[in-house]
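Single-structure report; data block below.
The values are calculated or read from the model by the stated rules, or taken from the named source; none is laboratory data. Quick caveat: nothing in here was measured; it's all calculated off a predicted structure. Don't worry about glycine lacking a Cβ; one is built from the backbone with ideal geometry, like all the others, and counts go over all protein chains shown. Quick note on the areas: whole protein, heavy atoms, side chains included, nothing else; ligands and nucleic acids left out. Shrake-Rupley method; radii C 1.70, N 1.55, O 1.52, S 1.80 Å.
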Amino acid sequence: MANRNGVAFSSVFLALTSLLFACQSNAQQAVDGKINPYCVTALDKPFCTEIVKAADTWQEAITEVLSDTIMQTKMAEPIMANLLITLPSTTDAKLKDDIGSGCRKSYNDALETLKEVEELLKTGDKTKSANIKLSSAMSRLDDCEDEFNKTPMPTEFATFYEGSKKLLSTCLAVERTRPDLV
């Protein structure tokens with residue numbers, strides 16, 4: 001069973017890593033120096049531009065990046081199932097349990113918050129609270145990173161975590177270009 005979970009984890013990890021690197025590589029080639037107007041505040045403008053390249057409106061841009069972010073966050077569950085296996089064998093059992101439960105809760109909370117943002121945007125976000133909720137989801141991911149204060153984050157999980165943060169950061173950047181906010 002552990003071997004099958006390891007294969008599933010590796011497959012998910014490889015797929016996500018390939019997707020992120022492909023997007024980054026394609027963004028460099030496809031953008032030709034043009035930054036999408038919805039990506040002007042993004043930390044990685046070419047990456048953002050690649051994600052929202054098919055969008056003609058802000059609503060399409062935010063929907064695309066939010067959808068990708070939700071999909072990435074949903075993939076945390078199989079990764080969390082294998083996270084404890086990838087921690088060093090010398091890691092204390094209680095610490096392993098704390099990390100596993102803490103990160104699982106962080107990603108679940110972030111996912112619920114992202115779904116709330118999705119609903120807000122579908123109804124027009126009249127309260128203009130999407131930005132606050134996206135920032136909250138980012139904080140929840142930071143809580144997961146904090147769980148690793150006594151042991152290093154496994155490389156595979158660190159890559160997934162950084163990809164999650166990059167997508168969420170891109171989501172925040174696109175949200176900040178909302179036409180009725182600028």
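Values computed for the structure shown
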item: Per residue, in Å², the accessible surface of the stretch 126-182 once ligands and nucleic acids are set aside, probe 1.4 Å; result: 47
item: Extended-chain gain in nm, criterion 0.36 nm per residue less alpha-carbon gap, K53 and K122; result: 22.8 nm
item: Leading residue at positive end of dipole, the stretch 33-83 (Cβ point charges), from T69, P46, Q59; result: P46
item: Under the Karplus curve 6.51 cos²θ - 1.76 cosθ + 1.60, θ = phi - 60°, whole-Hz ³J(HN,Hα) for the stretch 143-154, x wherever Gly or Pro sits; result: 4, 5, 4, 4, 5, 9, 6, 10, 8, x, 6, x
item: Accessible surface of the stretch 27-182 [probe 1.4 Å, protein heavy atoms]: carbon and sulfur percent; result: 53
item: Among 45-57, 87-99, the order from most to least packed when residues are scored by Cβ within 10 Å on average; result: 45-57, 87-99
item: Cross-link partners of K34 among lysines (Cα-Cα below 19 Å; sequence separation of 8 or more within a chain); result: K45, K53
item: Value of D in µm² per second that Stokes-Einstein yields for the stretch 27-118, Kirkwood Rh from Cα pairs, at 25 °C (0.890 mPa s); result: 159
